[in-house]
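Trainee: I am attaching a structure below and will ask some questions about it afterwards.
Throughout, read-outs are computed from the coordinates displayed, never taken from laboratory work. Computed from a predicted structure; not experimentally measured. Glycine gets a Cβ as well: all are built from the backbone with ideal geometry, and neighbour counts include every protein chain shown.
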Amino acid sequence: MVKAMGNDCYERLAVHMAELAIGPPYNEYLVKILRESLNEQEAEILLALPSGTGPFETISAGQTAFRCGLSEEEAETVLSDLAVRGLVYRRTTGSGEYAYCLHQFGYGMPQAVFWPNEDTPYARRMADLCIRHSRKDTLVEGFGGTGTKVYRWIPARRTIQVQKQAVVPYADIEHVIQRAGRIAVVNCNCRVMSRLKGRNPCEYPLEVCMKYDDLAEYVVDVGMGRELSLDEALALNQKAEEAGCVHFADNVLDGEIKHACNCCPCCCWALGNYKRRRIPRDLLMACQFIRATNQDACDGCGLCEEACPIDAVSIEDGKAVVDRDWCIGCGVCASACPNDAISMVRREAVEGPLRDFSELSRVRIEQRGSTPEGTA
């Protein structure tokens, strides 16, 4: 457990946030992000929100006010402003009031700043700091390592045999979308950050980051995303898949998923690291499927080699050969195959998704061996 140095509120907040179930790992750039984004009063108010909790576990402005010595009206005003700025999560309770919690790593921290796709001096400074914060050791610690992974890859549509999909419906991205009660979309923060840093233009669709239920409510409520009908969401997902994007989602069962994205190898924090072979596949995200090739049907045309987003396919002696240490089972190659020679099969030795966020949060806190602090 990292301990804060001195009484600096930003240092203390960085340590506090690192204790979340899916907290942003502590390093000097996290402190700089917070210092760049918050004044001291705002930082002190965020210190009053619980750590040691999972995403979307909120408390009221009144509870927050009691913890930090403000009136409820003062706390509500500050928290509401922070929510609109993408610096804290809020939801509407059954009584019609707002409740709040800290953004967790990958669920708004630091992504929410980039969802509106604004090109401002602040956004440019944040892009630089966030890229520096999310170095490879930070990503492994924050999302995976040797423990339970926060996210999982989902194969492209219909790349798993139909009879198998009935057994593992969580592998069907359309099933994920259909189970959601509310759907919204925002801009891909990775592509926005890449543009802000002046990197090579990305030709993949920008508005592809899907939010469901609680997270959909938030992005629509604060004006960072737009709501989609089921038909619109399915069409957007198909368009992203046809462009060669790779699906990933929370490592929980359908109906519990709050976030899924359609990733590209040029900008994505995960695919880009895989493509450059910087982070071993099984240290970052849950890879629950892998490619199987019908060699009799394969004619070595090379279309799957060209389509593979992480260069895990090669043509040898007129047949496709897969690097099984790097294949993530995304199914992009199968979508490109004209001979139906490719399918995705379950990796039997790899655990499936967890039941819900409560279980995911509990398991991650237990694996980290930390004691929750400041829980409500």
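Trainee: Starting from the Cα-Cα distance between D325 and A243, subtract it from 0.36 nm times their residue separation and give me the gain in nm to one decimal.
Mentor: Roughly 27.0 nm would be gained on extension.
Trainee: Among the listed pairs K239/K319; K197/K258; K211/K239, give every one whose C-alpha distance is greater than 23 Å.
Mentor: Violating the 23 Å limit, Cα to Cα: K239/K319; K197/K258.
Trainee: What FRET efficiency would be calculated for the residue pair E359, V84, taking the C-beta separation as r and a Förster radius of 41 Å, to the nearest 0.05?
Mentor: E between E359 and V84, to the nearest 0.05, is 0.85.
Trainee: Springs between alpha-carbon pairs under 10 angstrom, Gaussian network model over the chain: which of V150, V345, V140 fluctuates most?
Mentor: V345
Trainee: Local charge sum around V313 (other residues, Cβ-Cβ under 9 Å, Lys/Arg +1, Asp/Glu -1)?
Mentor: Here the charged neighbours net out to -3.
Trainee: Hey, another quick one. So how strong a dipole does the stretch 139-357 carry about its Cα centre when Lys and Arg Cβ are +1 and Asp and Glu Cβ are -1, to the nearest 20 debye?
Mentor: With Lys and Arg at +1 and Asp and Glu at -1, about 580 debye.
Trainee: I need C301, C287, C330, C209 ordered by Cβ neighbour count within 10 Å, fewest first.
Mentor: The fewest-first ordering by Cβ neighbours comes to C301, C287, C209, C330.
Trainee: FRET efficiency for A349 and H175, Cβ-Cβ distance as r, R0 = 35 Å, nearest 0.05?
Mentor: Step by step, r from the Cβ atoms, then E = 0.90.
Trainee: State the extension gain, in nm to one decimal, for the chain segment bounded by C68 and T92, taking 0.36 nm per residue of separation less the distance between their alpha-carbons.
Mentor: Answer, rounded to one decimal: 6.5 nm.
Trainee: Here is a follow-up. Would you grab the residues whose amide H sits under 5 Å from the one on H259? Only those 5+ places off in sequence or on another chain, please, with H modelled 1.01 Å from N.
Mentor: Under 5 Å from the amide H of H259: Y212, D250.
Trainee: Return the calculated 222 nm mean residue ellipticity for the chain, to the nearest 500 deg cm²/dmol, obtained by summing -39500 (n - 2.57) across DSSP H runs with n ≥ 4 and dividing by the residue count.
Mentor: Helix contribution divided over all residues of the chain: -10000 deg cm²/dmol.
Trainee: Then there is this: Please get the size of the charge dipole for the chain, origin at its Cα centre, with Cβ charges of +1 on Lys and Arg and -1 on Asp and Glu, quoted in debye to the nearest 20.
Mentor: 880
Trainee: Could you please report the charge total around I257, scoring K, R as +1 and D, E as -1 over all other residues with beta-carbon less than 11 angstrom from its beta-carbon?
Mentor: Local net charge: -2.
Trainee: Taking the Cα centre as origin and putting +1 on Lys and Arg beta-carbons and -1 on Asp and Glu beta-carbons, what dipole magnitude results for the stretch 206-291, to the nearest 20 debye?
Mentor: Taking the Cα centre of the stretch 206-291 as origin, the dipole is about 880 debye.
Trainee: Could you line up K211, K149 from fewest to most neighbouring Cβ atoms inside 10 Å?
Mentor: K149, K211
Trainee: Cβ under 10 Å from C101's Cβ, C101 left aside: what net charge do those residues give with Lys, Arg +1 and Asp, Glu -1?
Mentor: +1
Trainee: With unit charges on the beta carbon (Lys/Arg positive, Asp/Glu negative), name the residue among V88, T77, P116 whose Cα is farthest towards the positive pole of the charge dipole of the stretch 69-130.
Mentor: Checking the options against the dipole of the stretch 69-130, the answer is P116.
Trainee: I'd like the Karplus ³J(HN,Hα) series for the stretch 115-120: coefficients 6.51, -1.76, 1.60, θ = phi - 60°, whole numbers in Hz, and an x wherever there's a Gly or Pro.
Mentor: 4, x, 6, 9, 9, 10
Trainee: Now, a different point. Using a Gaussian network model of the chain whose springs link C-alpha atoms within less than 10 Å, name the residue from A99, A260, A341 with the highest mean-square fluctuation.
Mentor: A341
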